[in-house]
Amino acid sequence: MRSIQTLHAASRIFSRTALAFTVLCFAAGAADAQTAAKPIVTPGFSLSVFATGSGGLMSAPDSLAVLDDHVWVGYANTGAPDGTNGAMSVIVEYTLDGSIVKSYQVAGHNDGLKVNPYTREIWAMQNEDANPNLVIINPATGQASRPYSFAKTLHGGGYDDIVFKDGQAYFSASNPTLSASGKNTGPAIVRVVHLDANSYRIDVTPVMSGSLDASNIPFGTVATLNLTDPDSMTLTPSGDVLLDDQGDGQLVLLRSSGDEPRVQYLPLLGNVQVDDTVFAAARQGYLLVSDTKANTVYKISANVWQRDAAFSASTGVAASGSTPAVPAYVGQLDLRSGALLPLVTNLASPHGMAFVSTGAQQ
C-alpha cells in the first residue's frame, strides 16, 4: 500500500492537472456561449445524440438503464418531485441505434431507474421528494406492474435511486426532513425486507444513518457526516455501495468487507456537485448521459476506456464573489482525490448516466 504522503502527492498532481484543463475548457465554453450554447468535447472523445425527447409525454430525460442490447430512459416530463401535480412519467425502451421499442406510462416523477440483475426486470422509482411509488417492468412480457406503495418514510422524504446487491434491493432516502438543528436523523439508505405482489406494498428497514462517522478517503481522518441530500447510488466494481450526497458536495462509500473502514467519504474538489456516477465496464463501449434541460440523451465515445474508471455528471458550480460560474459537465472522477476531469463541458443539466459495453469485458 502506498504511503499517505504518496497518495496526497498523486492527488495534488491530478487536481492541478484537472484544474488547468478545466480552466481551458470552461474558458472556451464561455467564448463559445457568446455565439451558440453547445457542448464542448475534450480531445480524444466524440459526442453524438442518442435520443431526443419529443416533448409532451417525452421530455426531461433523466435516469438511464441498460439491459442486454436495449437502453431504458426515464422521461420525467413536468412531474413534481413529490407527485402532487398528478403528472405522468414515461419509461422508454430503445435499441442501441436509438429506435423506440416500447414506452410505459408511470404515475409520478420518475428519478430512479435500475435493472434488477436477479430477475432481469426494470425497477422505476417515482417521487423522490415525498409519496414514493415503485413500478416493476418485465421486458420479456412487456408488462408493467401497478405502483407499489410504501408506509410513511422514516426520514420524511421520498426514495430516489436503487442498487441491487447480494440478492437484495437498496434505496437512497432522499429529501430528508432535517431537525431544528439541521441534522438528518433518519436513514440515508434503506433495504427492502418485504415486497408483497398481492397488496403491492413494500416494507424497508434502515441500513445507513443520515448522521454517522466516516473516514475521509484522501486523508484518513474521521468526521461525523450530516447527509442532507442523499441522491444517486451505484455499485463500485468491487461491490461497494457509492451514495451521492449531492447538496453537500461529497460521495459516501459503504463498504461490504475488507480491512478498510466500513464507511468512507470523498469531498469533491471545488465544491462540485454531481448526480449519477458510473464505471466503465469494458475497454470498448460508450457513455450515455441525459442532459435533462436540453431534452437530449448524448452518447460519448472514445477509442478505448480505462476499465473500472469512474465518470460523473456534474451540475456545475454557481458563481461566487471571486470566481465565475462553472458550466455543467461530464467528467472522469478520481476516487482518491475527488477531482473531476472534464470530458464534455457546457451542458445544460446532465443527470442520468450509463455505460454501454460493446467489446469483451477486459
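A cut-off of 5 Å between modelled amide H atoms, ignoring neighbours fewer than 5 places along the same chain, links Arg283 with Gln362. As a rough footprinting exposure proxy, the listed residues Phe279, Phe219 were ranked by other beta carbons within 10 Å of their own, and the order from fewest upward is Phe219, Phe279.
The Val222 and Leu195 beta-carbon pair, evaluated with R₀ = 30 Å, returns a calculated FRET efficiency of approximately 0.25.
Inter-label distance, Asp69 to Val101: 1.0 nm, where each label sits 7 Å from its Cα along the C-beta direction. What separates the Cα centres of region 81-107 and region 273-310 is a distance of 21 Å.
In percent, rounded to a whole number, the relative contact order of region 244-314 is 29, using alpha-carbon pairs under 8 Å and six or more apart. Springs between Cα atoms under 10 Å define the GNM used for the chain, and in it the highest mean-square fluctuation of Thr292, Thr221, Thr315 occurs at Thr221. With contacts taken as Cα pairs under 8 Å and at least 6 residues apart, the chain reaches a relative contact order of 16 percent. The value obtained for region 214-295, namely the Cα convex hull volume divided by the number of residues, is 125 Å³ per residue. Along region 174-186 the Karplus relation, 6.51 cos²θ - 1.76 cosθ + 1.60 evaluated at θ = phi - 60°, assigns HN-Hα couplings of 8, 6, x, 7, 7, 6, 4, 8, x, 9, 8, 8, x Hz to successive residues, with x for each Gly and Pro. By the count of other C-beta atoms within 10 Å, a proxy for reagent exposure, Met58, Met125 are ordered fewest to most as Met58, Met125.
Computed on region 69-217, with alpha-carbon pairs under 8 angstrom and 6+ residues apart, the relative contact order is 15 percent. In this structure the amide hydrogen of Gly210, modeled in the peptide plane, comes within under 5 Å of the amide hydrogens of Gly186, Ala188, none closer than 5 places in sequence on its chain. Counting beta carbons within 10 Å around each of Lys183, Lys114 and listing the fewest first gives the order Lys183, Lys114. About its Cα centre, the chain has a charge dipole of approximately 440 debye under the convention of +1 per Lys or Arg Cβ and -1 per Asp or Glu Cβ, with nothing else charged. Considering only Thr236, Leu57, Val41, and ranking their Cα positions along the charge dipole of the chain that arises from unit charges at the beta-carbon of Lys, Arg, Asp and Glu, the one farthest toward the positive end is Val41.
As a test of the formula, what do you get for the chain when each DSSP H run with n ≥ 4 contributes -39,500 (n - 2.57) and the sum is divided by the residue count, at 222 nm and rounded to the nearest 500 deg cm²/dmol?
About -3000 deg cm²/dmol.
Here the Karplus relation 6.51 cos²θ - 1.76 cosθ + 1.60, evaluated at θ = phi - 60°, turns the backbone of region 282-295 into coupling constants of 7, 6, 10, x, 7, 8, 10, 9, 8, 9, 4, 6, 7, 6 Hz, with x for every Gly and Pro.
With a simple spin-label model that places each label point 7 Å from the Cα along the Cα-to-Cβ direction, the separation between Asp213 and Ser301 comes to 5.1 nm. A Gaussian network model of the chain, with springs between Cα atoms under 10 Å, assigns the largest mean-square fluctuation among Pro237, Pro39, Pro324 to Pro324. Using θ = phi - 60° in the Karplus curve 6.51 cos²θ - 1.76 cosθ + 1.60, the 3J(HN,Hα) couplings for region 220-225 round to x, 6, 9, 9, 8, 8 Hz; x is entered for Gly and Pro. Extension gain, Leu178-Ala325: 0.36 nm per intervening residue step, less the Cα-Cα distance, totals 50.1 nm.
How much of the calculated P(r) for the chain lies past 39 Å, in percent of all Cα pairs?
11
None of the figures in this text is laboratory data; all of them are computed from the coordinates on show. These numbers come from a predicted model, not from an experiment. FYI the Cβ positions are ideal-geometry reconstructions off the backbone, even for glycines, and counts take in every protein chain you see.
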